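Report on the following structure.
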């Protein structure tokens, strides 16, 4: 697994916005979850530096933050790729053969489920039911659903996102 | 007085707003295919919908969920207005108790009793929670209601708030449902703008607000007390149940926690009357239930039928039987907490009691259809894999026991099962069921126990003969080339481990000792000569 370093300088703007958001949440009961969720979506993951800011901002011990962050599967400690591919592992997708789709993705990207490619382009996130069982097996890329997947359509799907990147 | 469209809605002008909105809705829906006027409202048409009775889903697919006026046009918020005007809270609770509406989240606890308990406690702060952490794999009933008719849930929650004396509600929704979250945000904002939420609702003295909280991908948070821990900003681990949550729940205050579908039922029950509701479904479980029929079935989708409808009717009558011309073998109800029901029991009516008697549960309404290519041992393993992953780790039986069960199942599906393994599975299941702290652990063994009961021969085939009758367990099957082979060499060329040999135009042979069972040869064969056995 590649090492990812959090660049404080590059993220200065985001950090400022995040701190402002945290300020608005301080008085709210049970603020830790919404704050962590905001950090996760803003930075794409929870860098240690950011968790330290939360500890200071909300006056919650670092150990507690770490405890909460490790409990929920949507919090991660390394960045997600630009395209986060959620693979649905629900029952309907399972009986319709999502396993082979996941294997094909892993092979094509050279990473395991739960990891990010070193160029930060793609990550694979195994997900519990996406609730789109009618079109199983399903993967979603940054929230965009792709139904009736098979191991043969995986490359095509990835290529369509690779193309997008080249164009922009 | 000239009223503009975005005026506050009050008890007095609700009727006028509704009539105006109805004219607009009628205009918009005129000539729209698939929607027809019905009983003073609308319904979806087509063979898939004909056999359904849509109560909870009455507005889904018909109204624009991002326009509160369309909800109002079909009678929305009239129940709330009626209560605020003429009913005292006690009467609301008595009526809900009489309706015998049972919790649609799966356990079927009577809603009225829950409300009555919270009502009894005289404290300054109480809460209402809507449990929208729909985590069962293969189920999306709640998502559809939240996306298609969010105001029915908001109205149901406000009614609950009025009944028990709470002024604050939370909707805890899974983050995996981005569209539902967005629709809820819109609905809450719009309700605020029109005076349907917040201070002095509908111009009355009653104030009630709703806040949206997002889950973060922990299945166990669908358990009531774990969900409350999560809202409080902690690890979502279930509490030891010293008190009922309707006595001491969120931040130790009396809290009503109901499922999305339950709340969506509330306004329509009060609007149309309890007697109307009692006329639907069975005596023990009145009303309808939304099911999500998926898997190897022809017409997958959401199905709402009266309680007491048989599984046959749902799977064949509405679902159209197995897809791809295969045979239905079983349905799995209730997600990781439920069991597999064999085809021989498909004449069982679907209600809380009947499903429990045959070793499954109603659950939230997931119904996954399996055909003859699905191995029941592997399905049990799949669910155990799920529970092991999602067990929060607080209590020992669930944390350690499910892991041991999974190990045994993995061993069996890999063809390494031994005499005594099945007995060990049953015994472990019994202990975990009777000693776990929360519903997740108490039901974790159900998929195994039910398949062991109904499909024991499949387990025995795995253990004794090292065969998988459904040809699904990879390590137990062998690829074999039959005499249909024309010797085209395609299979030999695609084989990644080069274990297929044979001359051109002669029958090929697979060397089973080197075969990795990838299935590439079978896919490549033009004559269907390669079989699994």
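The values are calculated or read from the model by the stated rules, or taken from the named source; none is laboratory data. Being a predicted model, the structure only gives us computed values, none of them experimental. Cβ atoms come from the backbone with ideal geometry, glycine included; neighbour counts cover every protein chain shown.
Miscellaneous remarks
- Complete set of residues in the range B:214-263 that are within 7 Å of chain A (Cβ to nearest Cβ) and in a strand (DSSP E or B): B:214
- Selection of the range A:127-144 for residues being surrounded by fewer than 16 Cβ atoms within 10 Å (Cβ to Cβ) and either closer than 21 Å to residue B:295 by Cα or more than 12 Å from the chain's Cα centre (by Cα) (or both) yields only A:144.
- In the range B:314-332, of all residues being within 19 Å of the chain's Cα centre (by Cα) and touching a residue at least 40 places away in the same chain (Cβ under 8 Å), the one that is farthest from residue B:100 (Cα to Cα) corresponds to B:330.
- Residue check for residue B:254: under 27 Å from residue B:143 (Cβ atoms) and in contact with a helix residue (DSSP H, G or I) (Cβ under 6 Å, 6 or more places away or on another chain): no
- Counting only residues that are free of Cβ contacts under 8 Å to residues at least 40 places away in the same chain, within 13 Å of another protein chain (Cβ to nearest Cβ) and out of contact with any helix residue (DSSP H, G or I) (no Cβ under 8 Å at 6 or more places or on another chain), the range B:162-213 holds 3 of them.
- Residue check for residue A:104: modelled with pLDDT under 90, outside the structural domain of residue A:25 (by TED's automatic domain parsing), under 29 Å from residue B:298 (Cα atoms) and surrounded by 19 or more Cβ atoms within 10 Å (Cβ to Cβ): no
- Selection within the range A:22-39 - touching a helix residue (DSSP H, G or I) at 6+ places or on another chain (Cβ under 9 Å) and surrounded by 15 or more Cβ atoms within 10 Å (Cβ to Cβ): A:22, A:25, A:30, A:31, A:32, A:33, A:34, A:35, A:36, A:38, A:39
- Taken over the range A:70-100, the criterion of being in contact with a helix residue (DSSP H, G or I) (Cβ under 6 Å, 6 or more places away or on another chain) and either touching a residue at least 60 places away in the same chain (Cβ under 8 Å) or more than 8 Å from chain B (Cβ to nearest Cβ) (or both) is satisfied by A:83, A:87.
- In the set A:124, A:54, only one residue is touching a residue at least 24 places away in the same chain (Cβ under 8 Å) and in the same structural domain as residue A:31 (by TED's automatic domain parsing); that residue is A:54.
- Within the set B:374, B:385, B:347, the sole residue that is without any contact (Cβ under 8 Å) to a residue 40 or more places away in the chain and either assigned to a loop (DSSP other than H, G, I, E, B) or crowded, with 24+ Cβ neighbours inside 10 Å (or both) turns out to be B:347.
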